[in-house]
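Below is the structure I would like to discuss, written out as structure tokens.
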Amino acid sequence: GQQVMQIPQYQHVQEGEDFTTYCNSSTTLSNIQWYKQRPGGHPVFLIQLVKSGEVKKQKRLTFQFGEAKKNSSLHITATQTTDVGTYFCAGGGGSQGNLIFGKGTKLSVKP
Amino acid sequence: DVKVTQSSRYLVKRTGEKVFLECVQDMDHENMFWYRQDPGLGLRLIYFSYDVKMKEKGDIPEGYSVSREKKERFSLILESASTNQTSMYLCASTGILGYGYTFGSGTRLTVV
């Protein structure tokens, strides 16, 4: 079936270092979305990318959607302790129109 | 602010009990979802509904059923709870299928 693979599963960084998580789909996606889940919290929608090659920024976060609409990345510049959490990508275009979630990348930031 | 509200944050139930998890959204969304979240397995879709009284099976529907009698409310039912259903259950909704989901705070269910 359709899958969205997300790597790495875990990432430990020193505060101030950069962080990147990657998503790869086995099929072309209609859109890609990113969510953040703080420890003990629930996933919160961050952003959606729809166009091939699209790049969007939110302060220190940069989101990219690949040209083939099969991969995406989230890059955080100069991580802060407030960035701690699990970042999920989710691809649109799954069966019955649902999102296909990656398993997430858990980010820890050492002060 | 839009909200998806799950009735309980924590629940402890006994094996064999019938369990009801309630979810209410105030955004007039047509589409509602139930996921379970387990370490290392990510979010797995149990059931979803795209309209009142409509329901569709997700990836792991076995042992669960759902009810959607009103647009704002989507209930997940564990017919006979088992220990392997111990998990975090997350409800979500969206106005457009396949677009940004709003999640509830989750119900952490423990079956003993």
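The values are calculated or read from the model by the stated rules, or taken from the named source; none is laboratory data. Just so it is clear, the structure is predicted and the values come from calculations on it, not from any experiment. All Cβ positions, even for glycine, are placed from backbone atoms using ideal geometry, and neighbour counts span all protein chains on display. Protein only, heavy atoms only, side chains kept; ligands, DNA and RNA dropped before computing areas. Shrake-Rupley method; radii C 1.70, N 1.55, O 1.52, S 1.80 Å.
What number of residues in region B:50-108 are more than 22 Å from residue A:89 (Cβ to Cβ), within 14 Å of chain A (Cβ to nearest Cβ) and open to solvent by 10 Å² or more (accessible area, probe 1.4 Å)?
Adding up the residues that qualify gives 8.
Would you call residue B:111 touching a residue at least 60 places away in the same chain (Cβ under 8 Å) and in contact with a Lys or Arg (Cβ under 6 Å, 6 or more places away or on another chain)? Outline the logic, then answer.
Details: touching a residue at least 60 places away in the same chain (Cβ under 8 Å): yes; in contact with a Lys or Arg (Cβ under 6 Å, 6 or more places away or on another chain): yes.
Yes.
Take residue A:93 and tell me if it is among the small types (Gly, Ala, Ser), in contact with a strand residue (DSSP E or B) (Cβ under 9 Å, 6 or more places away or on another chain), in a loop (DSSP other than H, G, I, E, B) and surrounded by fewer than 18 Cβ atoms within 10 Å (Cβ to Cβ).
no
Looking only at region A:46-61, filter to residues that are surrounded by 13 or more Cβ atoms within 10 Å (Cβ to Cβ) and not polar (S, T, N, Q); which one of those is farthest from the other protein chains (Cβ to nearest Cβ)?
A:60
Let me ask something additional. Exactly one condition in (1) touching an Asp or Glu at 6+ places or on another chain (Cβ under 9 Å); (2) in contact (Cβ under 8 Å) with a residue 60 or more places away in the chain is false for residue A:101; which is it?
Result: residue A:101 fails condition (1) only.
So, in region A:1-45, exactly how many residues are β-branched (Val, Ile, Thr) and open to solvent by 20 Å² or more (accessible area, probe 1.4 Å)?
Selection size over region A:1-45: 5.
Can you tell me which residue in region A:62-90 is modelled with the lowest pLDDT, limited to those that are of a type in the set (A, V, I, L, M) and open to solvent by less than 10 Å² (accessible area, probe 1.4 Å)?
Restricting to residues being of a type in the set (A, V, I, L, M) and open to solvent by less than 10 Å² (accessible area, probe 1.4 Å), the top hit is A:90.
Just to verify a result, which residue in region B:12-41, among those that are assigned to a strand (DSSP E or B) and more than 17 Å from residue B:65 (Cβ to Cβ), is most open to solvent (accessible area, probe 1.4 Å)?
Among residues in region B:12-41 that are assigned to a strand (DSSP E or B) and more than 17 Å from residue B:65 (Cβ to Cβ), the one most open to solvent (accessible area, probe 1.4 Å) is B:12.
Looking at region A:9-24 only, could you name the residues that are at negative phi and either out of contact with any strand residue (DSSP E or B) (no Cβ under 6 Å at 6 or more places or on another chain) or at pLDDT below 95 (or both)?
Scanning region A:9-24 gives A:9, A:17, A:18.
What tally of residues in region A:62-90 results from selecting those that are of a type in the set (S, T, N, Q), in a strand (DSSP E or B), in contact (Cβ under 8 Å) with a residue 24 or more places away in the chain and more than 14 Å from every other protein chain (Cβ to nearest Cβ)?
3
Go through region A:25-45 and report how many residues are away from chain B (no Cβ under 11 Å) and assigned to a loop (DSSP other than H, G, I, E, B).
The number of residues fulfilling the criteria is 5.
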